[in-house]
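Structure record follows, encoded as structure tokens.
Laboratory data are not the source of any read-out in this text; all were calculated from the coordinates shown. This structure is a prediction, so every number in the text was calculated from the model and none was measured. Every residue, glycine as well, gets a Cβ built from its backbone with ideal geometry; the counts of neighbours run over all protein chains shown.
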Amino acid sequence: MGFSSALQSRAAHEALIVRQDAELRLMETMKRSIQMKAKCDKEYAISLTAVAQQGLKIDRADEMQGSLISKSWRSYMDELDHQAKQFKFNAEQLEVVCDKLTHLSQDKRKARKAYQEEHAKIAARLNHLTDEVVRKKSEYQKHLEGYKALRTRFEENYIKAPSRSGRKLDDVRDKYQKACRKLHLTHNEYVLSITEAIEVEKDFRNVLLPGLLEHQQSVQESFILLWRNILQEAAQYGDLTADKYKEIQKRIDTVIGSINPTEEYGEFTEKYKTSPTTPLLFQFDETLIQDIPGKLQSSTLTVDNLTVDWLRNRLQELEGAVRDCQEKQMKMIEHVNGGSPVANGSIISNGSNTSNGIQSNKDSLCRQSKDLNALRCQEKQKQKLVDMIKCALNEVGCEELPSGCDDDLTLEQNFIENGYNNEQQQRSNSTSSPGLGIMNELMRRGGVLTLLRGRGRHFKRKSTPQPATPMTRSRQGRFNKLQPRSQSLGSLSISLSTNRPLYEEEWFHGVLPREEVVRLLNNDGDFLVRETIRNEESQIVLSVCWNGHKHFIVQTTGEGNFRFEGPPFASIQELIMHQYHSELPVTVKSGAILRRPVCRERWELSNDDVVLLERIGRGNFGDVYKAKLKSTKLDVAVKTCRMTLPDEQKRKFLQEGRILKQYDHPNIVKLIGICVQKQPIMIVMELVLGGSLLTYLRKNSNGLTTRQQMGMCRDAAAGMRYLESKNCIHRDLAARNCLVDLEHSVKISDFGMSREEEEYIVSDGMKQIPVKWTAPEALNFGKYTSLCDVWSYGILMWEIFSKGDTPYSGMTNSRARERIDTGYRMPTPKSTPEEMYRLMLQCWAADAESRPHFDEIYNVVDALILRLDNSH
Ligand code: ADP
């Protein structure tokens with residue numbers, strides 16, 4: 001069914017017009033999108049060109065010469081460039097296609113117009129005739145009515161006229177004839193127009209309209225054909241499977257396929273072919289130790305008390321690492337062999353390879369075998385170290401700890417290591433309190449304490465041993481027999497009588513600092529027992545003078561017994577007595593024999609010797625108490641050291657005691673003793689009833705006379721003169737660190753920062769420096785001498801005369817420092833004797849050498865006092 005028969009109606013005609021409009025719009029849409037596609041393709045081509053160019057920026061240097069992979073890549077990129085060009089060409093062709101579509105659209109628009117006009121034309125003739133017929137019919141009706149009327153008149157007149165003539169009748173007749181003629185004419189016209197209309201209508205329907213529609217159909221169909229061709233062309237230029245692309249892709253596949261792993265490095269290997277490398281030699285540099293006598297030997301592990309713990313830890317770590325390696329290897333083998341370890345430890349294929357998995361399986365096997373080799377190497381390497389350490393430890397014997405140094409630097413080292421490791425210390429303080437003495441440690445371990453208490457032995461000035469507890473009695477005979485040196489010991493001998501704990505033994509010196517230990521052990525065979533902290537563990541150390549000083553750490557066996565190289569004993573006392581009586585060296589290597597137990601000195605008090613009464617002050621390390629000595633009922637002052645402080649701090653705390661011990665001067669606070677056997681460690685001093693000078697000055701500001709103030713200055717100068725003569729630099733001389741007794745006598749105290757040296761250079765940070773009291777050269781260069789104390793003494797004088805004012809008040813430390821450096825000095829306090837202020841200024845001389853020494857200061861102040869006394 002074609003247009004001609006199917007689309008004759010008016011509605012179909014209108015629909016056909018609408019359809020053509022829609023087609024034109026579709027064409028427009030297509031045109032736009034093809035244009036866009038062309039644009040896209042062009043842009044893609046540009047990007048692809050850039051990709052290819054980027055890919056071609058490869059290193060063309062010699063390094064890749066002969067590389068197939070590099071060559072293939074270059075070809076691949078060239079092909080990409082071709083591809084880009086092809087895309088560009090196709091995009092340009094698409095633009096041509098677009099133009100064609102534009103022309104087609106124009107033609108289609110014209111054809112639509114022509115159809116519309118032609119249709120209107122043929123329809124217009126039919127319409128015209130239809131109108132004509134209607135008009136002719138109405139004319140016909142009009143003339144028919146006129147004719148009828150005139151005919152009626154004529155008939156009437158005719159009847160009425162006797163002669164059938166007359167003018168009037170003629171007239172009527174004439175009119176009647178005319179009307180008749182008109183009617184007949186109109187009739188004919190009407191008949192003709194109807195006939196014509198019938199003919200035209202028939203032609204319109206049967207000839208003209210079908211012809212027009214048929215033509216229209218053919219026109220439209222030919223447009224569709226053109227349109228299809230255009231679309232085909234567009235599609236063709238976007239076809240990525242087109243031969244051109246296929247060829248490019250084929251070439252790319254070929255060049256990539258030409259990469260051959262086995263040939264890849266052929267040329268390279270040929271070019272760089274060398275003979276196998278010679279092994280790298282690692283050798284111990286002997287020059288490192290040529291100046292160090294004895295202890296360190298090339299390529300040999302040093303096992304001594306400094307290193308033994310470290311070595312043991314390292315051994316443990318390494319053994320763990322070896323086990324780790326072994327476990328990993330086992331796991332790997334099990335995994336690869338599908339859960340079944342193979343006797344020879346090799347990896348075998350489990351036969352589960354599928355054809356396309358062969359390569360990846362091969363790779364993974366290869367990788368696993370490589371990993372396994374790496375693990376084996378690791379195991380071997382670590383095992384070598386394990387063997388080396390084991391061998392070294394065995395050689396020395398685990399129980400013996402040779403001294404790491406010729407003298408007791410060993411324990412200094414130990415001490416320092418423990419002390420400086422503050423952070424670690426503080427952490428562990430909160431849990432295991434490494435800073436606590438071993439006694440506290442032992443007290444926590446109730447069983448050990450019982451052992452010590454239950455079987456306490458001690459050296460006694462009696463030659464016959466006391467009966468021992470049943471447990472140790474069997475050994476007692478042996479001790480008794482082994483007492484050859486009671487003569488050489490004079491009145492000292494050993495007995496097994498009491499049940500005292502270790503810390504009550506006369507020869508147990510608690511945590512006595514090493515300086516003191518060295519001082520106490522003077523002759524070969526002198527020994528004492530003390531406590532030290534190693535690796536956060538309290539350890540008991542036997543210190544012996546034997547070709548220098550040797551220190552043996554008491555070993556604890558798994559059963560909780562104590563030993564050196566010989567048999568284990570249930571208590572430390574028994575062990576020491578065994579060594580003493582048997583005359584056997586503590587270790588074969590050291591040859592050290594115990595001859596004379598060195599007992600605690602007068603000033604080494606037991607903590608139980610003092611009874612703390614009331615707190616009278618608070619120091620840097622802990623509270624200060626008024627206390628009573630049990631033995632003499634003497635009132636004393638006791639400085640305590642907080643248990644939680646790290647060891648380094650405790651050592652610093654004891655430093656004061658160590659320094660004070662040697663001094664005896666009315667203006668230096670006196671040391672009575674130190675208590676180091678258990679916590680808290682304490683320093684026992686003479687009680688100075690007025691307390692801190694600074695507080696005293698402030699409290700008694702109204703009552704103090706110039707004479708008293710000068711007296712205080714003289715006392716301080718006397719004390720400092722004494723210290724200077726002993727080469728002691730106080731470093732913290734200030735009113736707060738002086739004490740005053742009820743007679744206004746001043747005593748220098750607080751020797752926490754003191755050093756017994758002529759000159760002391762501070763190398764570490766100066767965090768807690770009392771800036772306003774410290775001489776510029778000490779602040780600027782860390783250089784301390786007694787002349788720095790002189791500067792501080794000047795400030796002390798100023799404090800005394802200002803009755804406890806703060807120096808450089810209103811200035812920060814750094815401001816005061818700045819101003820002093822530019823020559824500023826504090827003005828004289830009110831009512832200070834001129835000479836005293838002059839002395840202050842001399843003490844504050846920028847050049848240390850221009851300052852007076854304490855001797856001179858003392859003389860000046862003394863003379864001034866004399867003059868004052870005489871003037872009254
Ligand atoms: P630290 O050196 O730890 O800072 P101090 O020596 O400054 O401790 O003592 C703190 C306070 O304890 C002093 O200001 C003082 O009041 C009091 N004090 C210290 N030693 C004595 C003593 N020997 N006699 C009387 N009081 C003392």
Given 0.36 nm per residue, what is the gain on full extension from T632 to T277 after removing their alpha carbon distance, in nm? 119.5 nm
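In what order do Y265, Y140 fall by count of nearby beta-carbon atoms within 10 Å, going from fewest to most? Could you put the intermediate results ahead of the total?
On the way: Y265 14, Y140 18.
Exposure proxy ranking, most exposed first: Y265, Y140.
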Compute the distance in nm between two label points, each set 7 Å from the Cα along the Cα-to-Cβ direction, one at T29 and one at K110. 2.7
Relative contact order for the stretch 662-733, counting Cα pairs under 8 Å that sit 6 or more residues apart, in percent: 27
Protection-proxy order for peptides 568-579, 202-213, each taking the mean of Cβ atoms within 10 Å per residue, highest first: 568-579, 202-213
Take D170 and T644, extend 7 Å from each Cα along the Cα→Cβ direction, and tell me the distance between the two endpoints in nm. 16.4
If you filter the stretch 609-707 for GluC sites (Glu not before Pro), then keep DSSP loop positions with at most 10 other Cβ within 10 Å, what is left? none
Among the lysines, which have Cα under 23 Å from the Cα of K31 when same-chain residues fewer than 8 positions away are ignored? K39, K42, K88, K100, K108, K110, K113
Working note, the stretch 15-236: Cα radius of gyration (Å, one decimal) and Dmax (Å, whole number) are 40.8, 148
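If we count other beta carbons within 10 Å of each Cβ, what is the order of Y722, Y858, Y272, fewest first?
Ranked by crowding around the Cβ, least crowded first: Y272, Y722, Y858.
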Under a cut-off of 20 Å between alpha-carbon atoms, report the aspartates and glutamates in cross-link reach of K271, not counting same-chain residues fewer than 8 places apart. D59, D62, E63, E263
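Rg over Rh of the stretch 604-686, using C-alpha atoms and the Kirkwood radius, what does it come to? Kindly include the intermediate steps, with their values, before the conclusion.
On the way: Rg = 11.9 Å, Rh = 12.7 Å.
In the stretch 604-686, Rg relative to Rh is 0.93.
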Select from the stretch 246-300 those trypsin sites (Lys or Arg not before Pro) which occupy a DSSP coil region and have at most 16 other Cβ atoms within 10 Å, ordered by residue number. K273, K295
Calculated Rg and Dmax of the stretch 48-180 using C-alpha coordinates, Å: 48.0, 148
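With 10 angstrom as the radius, rank V746, V97, V200 by how many other C-beta atoms surround their C-beta, starting from the fewest.
On the way: V746 28, V97 24, V200 19.
Listing V746, V97, V200 from fewest to most nearby Cβ atoms yields V200, V97, V746.
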Students often forget the sequence filter, so: which lysines lie under 30 Å Cα-Cα from K168 once same-chain residues fewer than 8 apart are removed? K142, K148, K160, K178, K182
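Using only Cα atoms, what Kirkwood radius does the stretch 172-260 have, in angstroms? Walk me through the numbers before you get to the answer.
Numbers: mean 1/r = 0.0484 Å⁻¹.
Hydrodynamic radius (Kirkwood, Cα pairs) of the stretch 172-260 is 20.7 Å.
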Across 10 Å bins from the origin, how do the percents of Cα pairs in the stretch 797-872 run, short distances first? 17, 43, 31, 8, 1
Percent of Cα-Cα pairs per 10 Å bin, from 0 to the last occupied bin, for the stretch 693-871, please list those. 10, 41, 38, 11, 1, 0
Past 21 Å, Cα to Cα: identify those pairs from K726/K747; K670/K772; K628/K661; K328/K370; K380/K589; K550/K661, in the order given. K670/K772; K380/K589; K550/K661
Kindly rank 677-683, 214-220, 109-115, 624-630 from highest to lowest mean number of other beta carbons found within 10 Å of each residue. 677-683, 624-630, 214-220, 109-115
Given Cβ point charges of +1 (Lys, Arg) and -1 (Asp, Glu) and nothing else, what value in debye, to the nearest 20, does the dipole of the stretch 59-135 about its Cα centre take? 680
